[in-house]
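Note sheet for the following structure.
The values are calculated or read from the model by the stated rules, or taken from the named source; none is laboratory data. These numbers come from a predicted model, not from an experiment. A quick note on method: Cβ atoms are made from the backbone with ideal geometry, for glycine too, and the neighbour counts reach across all protein chains shown. Ligands, DNA and RNA are excluded from the accessible area calculation, which covers all protein heavy atoms including side chains. Shrake-Rupley method; radii C 1.70, N 1.55, O 1.52, S 1.80 Å.
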Amino acid sequence: MLLLPNDEAAVSELRSKRRAARGHPPIEAVVPTLPTIVIVGRPNVGKSTFFNRLTGVRRAITHNLPGVTRDRVIGEAARPGGGAVVVVDTGGFEADSEAVIPAQIRRQALAAVESATVAVLLVDGAAGLTPGDEELAAALRRTGKPVALVVNKADRRDARLGFGEFSGLGFDVVVLSAEHGHGFDELWEWLEAVLPPPAETSPVVPELAVAIVGRPNVGKSSLLNALLGEERVIVSAVPGTTRDSVDTVVRWGDRTLRLVDTAGIRRKGRTDRGPEVLGVVMARRAIERAHVCLLLLDAGEGVTAQDAHVAGLINEAGRAGVVVVNKADLLEAGEPDRRRMLERQILERFKFLKGTPVLFTSARERWGLERILPAAAAGGDAFFLRVGTGELNRTLHAAWDRQPPPGGRRPGRLYYATQLSGGPPRFMLFWSGGELHFSYLRYLENVLRDAFPLAGVPIRFIMRGKRERSA
């Protein structure tokens with residue numbers, strides 16, 4: 001088959017066939033079964049505040065600087081009469097801007113509207129009707145979707161008195177205050193009239209949450225787009241392009257994965273004020289709600305102190321880790337020593353991420369991608385692994401007898417071990433002693449990793465002495 005340079009569909013089909021031939025299941029987008037409400041509007045009209053109020057969760061970053069939101073942020077909102085809807089926040093729509101990022105934001109917003117059940121056009125009542133509002137209203141009319149024109153900032157007198165000028169756009173008008181929560185009853189009354197009735201509750205499908213984390217400009221958004229085979233998030237050479245944590249739910253084989261693109265994480269002293277600080281906060285929250293973290297590094301720059309800082313956050317949160325070295329096409333094919341040296345450097349700097357897989361890939365050239373999701377799935381299995389009590393005690397007693405902890409002529413005795421929980425694995429040890437040295441706990445940790453599939457997952461030990469056990 002002859003492939004022309006612009007024949008993207010044929011190239012995508014060929015890549016899917018190659019992945020299937022290697023035993024790599026294709027990635028399929030999960031179509032929401034719930035009705036979808038998409039929020040669109042100009043920059044700084046309060047879309048993210050409106051999104052957070054509607055969903056009841058602070059997922060979108062809010063700031064008085066225009067253009068903070070860039071990618072689509074997705075959440076769920078409970079309907080007053082039962083059931084739920086999917087809510088999508090989009091970036092500020094600038095119809096007349098030819099800059100790269102605003103142009104990508106426009107494409108993202110219009111793509112979200114195309115797949116929506118209902119669109120909410122949010123406008124700033126205090127600013128009045130603008131040409132940008134009129135152009136966006138014209139674009140929404142062409143979609144044929146039901147549109148609610150929501151006039152925000154009704155807590156201000158000029159917004160309450162001037163909302164009539166928006167009725168000329170031809171949509172039903174609802175006046176509210178996203179900041180204070182006024183007027184949402186009227187909005188839900190309108191929405192319930194156009195939304196389909198709530199469906200019966202379907203069983204919850206367990207998801208594996210995989211967060212893509214790293215310092216700025218290592219290619220996190222490019223990697224997500226490469227895995228999905230589409231432009232799901234905005235990519236730019238400017239560090240800090242991604243600000244919100246962006247969730248994408250996909251089907252991969254028999255698994256449901258929630259892939260989370262995050263803002264670049266830098267130390268507090270090197271983080272600018274405003275949206276970048278909030279983006280780092282959201283990225284840290286994404287690590288905490290993830291099961292597996294893909295730690296992205298830049299092959300051209302090697303391991304930096306910032307990379308070690310992000311790795312430490314993954315370890316502190318107790319999440320499974322996979323190290324992904326992006327831009328590996330920068331390593332010349334004739335220099336295998338550079339790759340081996342970089343791998344040794346990673347293992348040396350990230351000792352606390354014991355047994356973490358190290359993968360080399362190139363998001364730009366789209367090679368090495370087929371190993372990422374299998375490694376993430378294996379990390380998820382290890383994260384939730386439960387070890388049988390009998391097998392756990394046999395393994396630890398053998399290791400204890402083989403190398404008892406230091407303690408003179410009467411070293412401590414291990415009585416019993418049990419696993420308290422998974423996610424990450426936590427083990428309680430009952431023994432006749434005081435406090436075990438961290439080096440001996442590391443020895444026991446290595447024993448468990450050799451005996452059970454726990455690569456890349458932090459292991460937590462809780463010690464209980466003889467007196468506490470008898471009590």
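Observations on the structure shown:
- Local charge for D172 was computed over the other residues whose Cβ lies under 11 Å away, with Lys and Arg +1 and Asp and Glu -1, and equals -2.
- Region 284-353: trypsin sites (Lys or Arg not before Pro) falling in loop per DSSP and having at most 14 other Cβ within 10 Å: K351
- If R0 is 35 Å, the Cβ-Cβ spacing of F352 and A78 corresponds to a FRET efficiency of close to 0.30.
- Cα gyration tensor category, rounded, prolate or oblate, for region 301-378 with a/c compared to 1.5: oblate
- Rolling a 1.4 Å probe across the protein heavy atoms gives region 349-450 an accessible surface of 52 Å² per residue.
- Neighbours of R141, meaning other residues whose beta-carbon lies under 12 angstrom from its beta-carbon, give a summed charge of 0 when Lys and Arg score +1 and Asp and Glu score -1.
- Spin-label pair T418/A305, simplified geometry with 7 Å Cα→Cβ offset, distance in nm: 4.6
- Distant-in-sequence amide H partners of D172 (H built 1.01 Å from N, under 5 Å): L149
- Amide H within-cut-off set for F93, under 5 Å, with H built and near neighbours excluded: G41, R42
- Debye intensity ratio in log₁₀ form over the Cα atoms of region 353-401, taken at each q of 0.26, 0.29 Å⁻¹: -0.99, -1.04
- Diffusion coefficient, µm² s⁻¹, Stokes-Einstein with Kirkwood Rh over alpha-carbon pairs of region 347-471 at 20 °C and 1.002 mPa s: 132
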